[in-house]
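Taken together, the values in this text are just the output of simple stated rules run on the coordinates, not laboratory data. As the structure is a prediction and not an experimental result, all values here were calculated from the model. Cβ coordinates were reconstructed from backbone atoms using ideal geometry, including for glycine residues, and neighbour counts include every protein chain displayed.
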Number of protein chains: 2
Amino acid sequence: MMKKLTVIAVLLMISMATFAQQALWGGQNIVSPEIKADNTVTFRLNAPQAVKVELTGDFLPSRKMETPMGVMDAPGVTELIKNDKGVWEYTTPEPLLPELYSYTFVVDGAKVIDPGNVYMIRDVASVTSIFIIGGGRADLYKVNSVPHGTVARRWYESQGLKLTRRITIYTPPGYEAGKENYPVLYLLHGGGGDEEAWIALGRTSQILDNLIAQGKAKPMIVVMPNGNSAQEAAPGESSLGFYVPSMRIQNTQGAMEESFPDIVNFVESNYRTIRQKSARAICGLSMGGFHSFYISQQYPDMFDYIGLFSAAIRPMENATSPIYQNTEDKQKTLFSKNPKLYWIAIGKTDFLYKANQDYLKQLDEKEYKYVYYENDGGHIWRNWRIYLSEFAPMLFK
Amino acid sequence: MMKKLTVIAVLLMISMATFAQQALWGGQNIVSPEIKADNTVTFRLNAPQAVKVELTGDFLPSRKMETPMGVMDAPGVTELIKNDKGVWEYTTPEPLLPELYSYTFVVDGAKVIDPGNVYMIRDVASVTSIFIIGGGRADLYKVNSVPHGTVARRWYESQGLKLTRRITIYTPPGYEAGKENYPVLYLLHGGGGDEEAWIALGRTSQILDNLIAQGKAKPMIVVMPNGNSAQEAAPGESSLGFYVPSMRIQNTQGAMEESFPDIVNFVESNYRTIRQKSARAICGLSMGGFHSFYISQQYPDMFDYIGLFSAAIRPMENATSPIYQNTEDKQKTLFSKNPKLYWIAIGKTDFLYKANQDYLKQLDEKEYKYVYYENDGGHIWRNWRIYLSEFAPMLFK
């Protein structure tokens, strides 16, 4: 009964599907980016009628740019050259150092991602193409042949916020098969971010898989909640539909900090966790550092490990929440309980650098114990991946 | 100690971050797509120097296109018009019907996604911008204010394939809090797809959340494995790194079908499942329909519900696996055990339409019981979302 098609017929079938798909969406046979053996990289765009094609990316030398706030660093721009097939090309003059890089093209004024590259990340309302130059620390950002944890997107009830909210949870390799209890890192995003930010831009699951496989970090659960207290879920993941994400920070009136125990309770009643201060860490970037600051001092018995990554420190003047009151007393209590690690990290050109230096001075005056980590660069994900890679190995030891 | 910044200083801080981010990646303040109250849609692209900007999308009237395989449907193309601000625009002449739509721009020959729209889906090696016109069946594809299931990406050991492999698993709302056991749907992707295909292009979690909330589908676990037996994980999710995905089907020699019990065993030993034939369903699109065909007849006691969506039916002539042998006997056995549902769905213009009609005739000749569903359209995700929406409500009742 089952007559077999010839190989040719099957290949035709597949070709047709490929053709239809390419005709539909313009699949191209050019390779971009092409990472050469020496780590120089060639970018290509097929745009035969274009007048000018530029490339902007965080691997190009940055430009100084006049802004209303003074001179700031802006990413470099370079031009691509059209070859005789109508394909625009640019090759980096030097090999690139190991890193996860982002870039876009500008085609006759339109800033677009690379249609030859399906790997991209959204940051707030912008999407960029990405690639990784391996080696050194950047190997932590790659998927390697090591045991992999599970990443779940699920929903929890926040009594405090009166919302059902989406949350991203990493459980380490072996979690499901085993019976042991695990420590938990609460990892908070910045303004404009959401419960997708750390897993996508931060490469959290790759960094944790790799650090755990290398024996450098203890197996741990990593909890990535949504830090916008008025928001149910990331853009596109709630009943608000497909709206344009924005940097506007909603509800900084202490609601997130106040309701944070809802998240801890959810995690501790749904996962096999070690329910004690020495097995709980909290850290975050920018707004998430701000949240970590106020949550850790509001609940001084909750976390033994606290990390402020490029943190905003001060609340808005009109913030009336009790969360932001009596901070001096609360800090005294927090530090009197000797947290095992109070870690502050910032880049030299971060616009919050001075605010953080002022904060360090205050800690010094009070003789509160902390560890400070400083590196180059500004308020960027490259630094936050580094900070996570540095912070996680220090936890739960 | 904690001096408060003024509101202005905080806003400045936020503005600077926004500015830096926009300068970096070209965030634009134009809205695209803009879905009007009457469901007409305006598309916009800021490309002041462009000579020509076109739009291609599955909502435009299709064109006939000469191909080596004969005349085929290709998606429509239309031109955008530049307004006096250098922004190119196009508004649909008619309201669009409810559906999840895909589109790209063509800027002076470069096919690119809409930089104003952060919502996009990868299909094999192409990425398209997407939007949803709500109403009717398309409401199933939206995130609505209903209880949400959990979506986990995890890794399992395949003894048969000698690989650790990534798998996507949906557990229904209430799974974690409850104690009951659930039926399981195994949902298989097509050629060029992977364990991300059904969750992204197929809107599986939205469809299931909504059907369950409406009482139309039973709460069930949905398991979305990777159907390429040589592949550990989706492109970008394995140690192969960020390569260009392709339609090339690897390893159709029966390995996926033969090793399928590894997946069932993994699911049944890791989740609270009902371990019986009446609580197991398998279905898939195209190559996944092919897999469902051979897996269901290879293990005739495993599944009571079988769904072939735009299925490829016949193996390659050089396929020597015992999986593809004695299919007549195997089918006789399968149907002698009275599966509760053998469901075949295909669109009238699908290139596999004739192969499926031939198969229906064979089933008729043998008087094997099946249910047939036919609709318009071809070998496209719009149809596969419809088939899932039709198939899931018939299961486990």
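Observations on the model:
- Footprinting exposure proxy for B:L360, B:L352, A:L211, B:L187 (fewest neighbouring C-beta atoms within 10 Å first): B:L360, A:L211, B:L352, B:L187
- Shape category assigned to region B:162-229 from the gyration tensor of Cα positions, a/c cut at 1.5: oblate
- All C-alpha pair distances within the protein assembly as shown, sorted into 10 Å bins from zero, spread as 2, 13, 23, 25, 20, 11, 4, 1, 0 percent across the bins.
- Cβ-vector label at 7 Å, A:P95, separations to other copies in nm: 6.1
- If R0 is taken as 30 Å, the Cβ-Cβ distance between A:S145 and B:R275 corresponds to a FRET efficiency of 0.40.
- One decimal place: the segment B:N29-B:T333 gains 103.2 nm when fully extended, by the rule 0.36 nm per residue minus the C-alpha distance.
- Test item: B:94-107 mean partner chain Cβ contacts at 10 Å: 2
- FRET efficiency for B:A213 and A:E367, using Cβ-Cβ distance with R0 set to 56 Å, rounded to 0.05: 0.50
- The modelled label-to-label distance between A:K397 and B:T42, using points 7 Å beyond Cα along the C-beta direction, is 5.8 nm.
- All-pairs Cα distance distribution in region A:146-394, expressed in whole percent, bin size 5 Å: 1, 6, 14, 19, 21, 18, 13, 6, 2, 0
- Amide H contacts under 5 Å for A:N375: A:I346, A:G347, A:K348, restricted to partners 5 or more places along the chain or on a different chain, H placed in the peptide plane at 1.01 Å from N.
- Exposure proxy ranking, count of Cβ atoms within 10 Å, fewest first, for B:D139, B:D38, A:D209: B:D38, B:D139, A:D209
- Each of A:M224, A:M287 was scored by other Cβ atoms within 10 Å of its Cβ. Arranged with the fewest first, they read A:M287, A:M224.
- In terms of its alpha-carbon gyration tensor, region B:51-171 comes out prolate; a/c meets the 1.5 threshold, and the first ratio a/b outweighs b/c.
- A label point on B:L240, set 7 Å along the Cα-to-Cβ line, lies at 3.7 nm from each of its counterparts in the other copies, closest listed first.
- Database remark: amide H of B:S62 closer than 5 angstrom to the amide H of B:G76 (H placed geometrically; neighbours at sequence offset of 5 or more, or on other chains; Pro and chain starts carry no H).
- The length gained by stretching the chain between A:K64 and A:D376 to full extension, at 0.36 nm per residue less their Cα-Cα distance, is 110.7 nm.
- Helices meeting the span-like rule in chain A (full DSSP H runs, Cα extent of at least 18 Å along the helix axis, mean Kyte-Doolittle score of 0.5 or higher): A:7-25.
- R0 of 51 Å, Cβ-Cβ distance B:L360-B:E180: FRET efficiency to nearest 0.05: 0.85
- Relative contact order of chain B: 11 percent, from C-alpha pairs under 8 Å at least 6 residues apart in sequence.
- Taking the label point 7 Å along Cα→Cβ, A:E328 and its counterparts in the other copies are spaced 9.3 nm apart, in ascending order.
- Shielding by partners for peptide A:147-156, expressed as the average number of C-beta atoms from other protein chains within 10 Å of each residue's C-beta, is 6.
- Length gained on full extension, B:L97 to B:Q159: 17.6 nm, using 0.36 nm per residue less the C-alpha separation.
- Peptide-level mean, for A:117-124, of C-beta atoms on other protein chains within 10 Å: 6
- Entries in B:K36/B:K82; A:K216/A:K340; B:K340/B:K366; B:K36/B:K64 that, when Cα-Cα distance is taken, lie over 22 Å: B:K36/B:K64
- For region A:219-326, radius of gyration divided by Kirkwood radius, i.e. Rg to Rh on alpha-carbons: 0.97
- For region B:170-200 versus region A:72-113, the spacing of their alpha-carbon centroids is 40 Å.
- Modelled label positions at A:I81 and B:Y243, each set 7 Å beyond Cα in the direction of Cβ, lie 3.2 nm from each other.
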